[in-house]
Each structure stands twice: as C-alpha cells, then as structure tokens.
Amino acid sequence: MKKIKSQKAVLIILLSNIFIAFLGIGLVIPVMPSFMNIMHLSGKTMGYLVAAFAVAQLIMSPFAGRWVDRFGRKKMITIGLLLFGTSELVFGLGTSVSVLYLSRILGGFSAAFIMPAVTAYLADITSIEERPKAMGYLSAAISTGFIIGPGIGGFIAEYGIRMPFFFAAAFAFIACALSLFILKEPLSKEQLAEISANTDQTNFFSDLKKSLNPVYFIAFVIVFVLAFGLSAYETIFSLFSDHKFGYSPKDIAAIITISSIFGVIVQVFMFGRMVNLIGEKKMIQFCLIAGAVLAVMSTVITGFWAVLTVTCFIFLAFDLLRPALTTFLSRAAGKEQGFVAGMNSTYTSLGTIAGPAMGGILFDVNIHYPYLFAAVIIVIGLGITVFWKEKQWA
C-alpha cells in the first residue's frame, strides 16, 4: 500500500473527476430560470426534471455498486464521465421536454457510476490510517464543485444561456480522456473476481424491510423528511429569485456562491466544536427550528442584502444538519455501518425525488407555497425528533 504522497497524480485525477461532476451539476443552477422562460416550461416540469435525475440515480445505484466490484473501478469511472458529458451536451442542445428528461436520466446514471467507483478506488489505494484523510479530500472536492459551479455558470451564461451546459460537457470529456490514459485499475482481475464472488448478495428490498424496524425507522423518516424539505426549497430557489425579484443568472450565482462558502467555512471550523458542546440531537433540532423560521421569512423579505442574509443562514442550517444526522446515524449504527449508510442514501434519494416534484407543482399555484410547504415539512421533522430515544440505539 503506497502512501498518499506517492499517489499524487492518481489522487488528483480522481478528485478532479468528482470535482468536475459536481461542478457540472452546479454550473447549470443559475441558468435554469432563464432556460425555463425560453422553453416555456412550468415549475412542475422543472421540479420533475430534478426528480428524474434522482430517480435514475436511485434505480441504477444498487447495480452500479456491484458492477464496480465486477468490472473494475477505472471502467466505471470512465463510463460515468462519458455519460455525464453526453447528458450535459444533450441538455444544452435540447429543444423539447422529452430530450431534457433523457438528459437528466443519463445524468442520474452517470452519478450512480462515478461516486461508488471513485470511493472504492480511493479505498483501494490508501491505507486504513490515511483513508479518513482521503475521504476528507473527496468531500472537499464535492463541496468545492458545488460552490464554484453556480458562480462560474452565472458568468458563462453572459455569453449565452446554453453555454454552461457545453462547458460542463467539455470538462467531463477531458476528465474522461485523462482517466482513460492516466488511471490504472488498482486491483487485478483475480482480486476483482474474488470481491465480486464475496459481495454479499443482500437484497435491496430486504434492506428496505429491515429499515422499517422501529429502532431505525424514526431516524430514516427524519432523513427522508429533511431531504424532502431541503430539496423542495433548493430546487425552487433560483426560480423564486427570478420570478419574484427579477434576478439575473449572475445575481443568483452570487447569492448561492456566497451562501455556500459561508456554510463551508462554519462547517470546517466550528461544526466539531458545536457538536461536542450540545450533542448531535440538539444540533439537529436547533438547525430544524432555524430552517423552518428562515423558510417562512424567505416569503416576506425584499432587497438583495436581506435575501442574501436569509439565504446564507438557511444554507448554513442545512449544511450543519446533514453531517450532524450522518454522524448521529454512524455513531448509532454499531456494526451495521454498511446497512445504515446504504439506507441513509436511499431515504435521501426518495426525499430528493418527492421534494422537487412537489415544490414545482406548488410553485405553479403560488410562488410562496414551496417555501411555506418546506417549513411545514421541517416542523414535522422536528416533531419526530421528540420521539427519538437515543437509548434505543445504544
């Protein structure tokens, strides 16, 4: 097992792949309202387009995880990047709604391929001691892609509303070519065959049934409720800013970028201390209260600075909520880490499918409804945490 330092080129390529995938997802956020206006799309359609990505990822993930062990990490990474580039290109060229749906489905498949393949590759090339550090780099690459994506997208959009999609496609094809020529498969065919044979053939449906056990169920319901409320809020944000305040892609990009950077700084420097001080459960409840109050405030504020301030704090609440919940679940899971992590991902995906679809439908009725709806859902989540007995987990 080589040290991370001696694997620098490989590590840079792997992290660049993840960075580019999430940069591509972020790039297109600020141009969505303008795209919606040009194509005469309803809020409902926009919500369904976001949900289509999550549905495709959810369906493909169980297969992709097995294929990573069967066909190798490198193959799955390059196929994922090729699919991602194609999906962005198709969206940029698309002039009918059916083509846009096809693009989002391809995008969901690509995310299902890239993520587990890169994670497995990193685990293969790092020692147990260095793995947390490598996974920290991975998490940072994802966050950075998300943060600077909307900013870059907002500026590229000045040269044409479809340009961010073409940029994202070009980035993905370059990353695909680099991966093809520079990455080497970390495991031999024999090792892959052995892993594939040993892969516990646990069934997705048996895991889902197990998640209904009262010990886990309340935690997973909160995961679902959060993903549902947050994605309903986040999907509608750029449409809401465009329709209510007439913000340009550049304005929307600035708000999202500043809010995200603020969230990451607090997360990096203060999250650990805050959790040690008040514990995960209180942290989760505090973030839920803040999220609900700020979602309601979003419907009554006016002026760029007020919008920026409220958005900064609501994104911060969401940014602190996710790791607090994940830490709580992993601490409570004991030996069931794999099962809990898998179900956490599944319930998050289910929420991410339902939230944007519901948010889009409500947006067409009244642009304030998705935010008020998100607040109600978050309050329900808060109510559920009251019944959360940590002793059940111990």
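The values are calculated or read from the model by the stated rules, or taken from the named source; none is laboratory data. These numbers come from a predicted model, not from an experiment. Backbone-built Cβ (ideal geometry, glycine too); neighbour counts: all protein chains shown.
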Inset, instruction - Examine the stretch 258-277 for a residue that is at pLDDT 90 or above and among the hydrophobic types (A, V, I, L, M, F, W, C), and state whether such a residue exists. - result: no
Inset, instruction - Output yes when any residue across the stretch 5-20 is more than 23 Å from SER143 (Cα to Cα) and touching a residue at least 12 places away in the same chain (Cβ under 8 Å), and no when none is. - result: no
Inset, instruction - Tell me the helices (runs of 4 or more DSSP H) entirely within the stretch 292-394 that contain at least 3 residues that are under 23 Å from ALA219 (Cα atoms), at pLDDT 80 or above and of a type in the set (A, V, I, L, M, F, W, C). - result: 304-333, 337-365, 369-385
Legend entry - Residue pairs meeting the criteria (Cβ under 6 Å; at least 6 apart or on separate chains; first under 13 Å from GLN7 (Cβ atoms), in the stretch 121-142; second at pLDDT below 70 and of a type in the set (A, V, I, L, M, F, W, C)): SER127/MET1; GLU130/ILE4
Legend entry - Residues (in contact (Cβ under 8 Å) with a residue 12 or more places away in the chain and either closer than 16 Å to LYS44 by Cβ or basic (Lys, Arg) (or both)) located in the stretch 369-381: PRO370, PHE373
Inset, instruction - Name the single residue, out of those in the stretch 153-203 being under 15 Å from TYR121 (Cα atoms) and within 26 Å of the chain's Cα centre (by Cα), that is modelled with the lowest pLDDT. - result: LEU183
Legend entry - Condition met for GLY272 (small (Gly, Ala, Ser), part of a helix (DSSP H, G or I) and either in contact (Cβ under 8 Å) with a residue 24 or more places away in the chain or on the phi < 0 side of the Ramachandran plot (or both)): yes
Inset, instruction - For GLY72, indicate whether it is at pLDDT below 85, in contact with a Pro (Cβ under 7 Å, 6 or more places away or on another chain) and either more than 24 Å from GLY359 (Cβ to Cβ) or crowded, with 24+ Cβ neighbours inside 10 Å (or both). - result: no
Inset, instruction - Check ILE105, ILE114 and return the single one that is over 19 Å from ASN17 (Cα atoms), β-branched (Val, Ile, Thr) and either surrounded by 23 or more Cβ atoms within 10 Å (Cβ to Cβ) or in contact (Cβ under 8 Å) with a residue 40 or more places away in the chain (or both). - result: ILE105
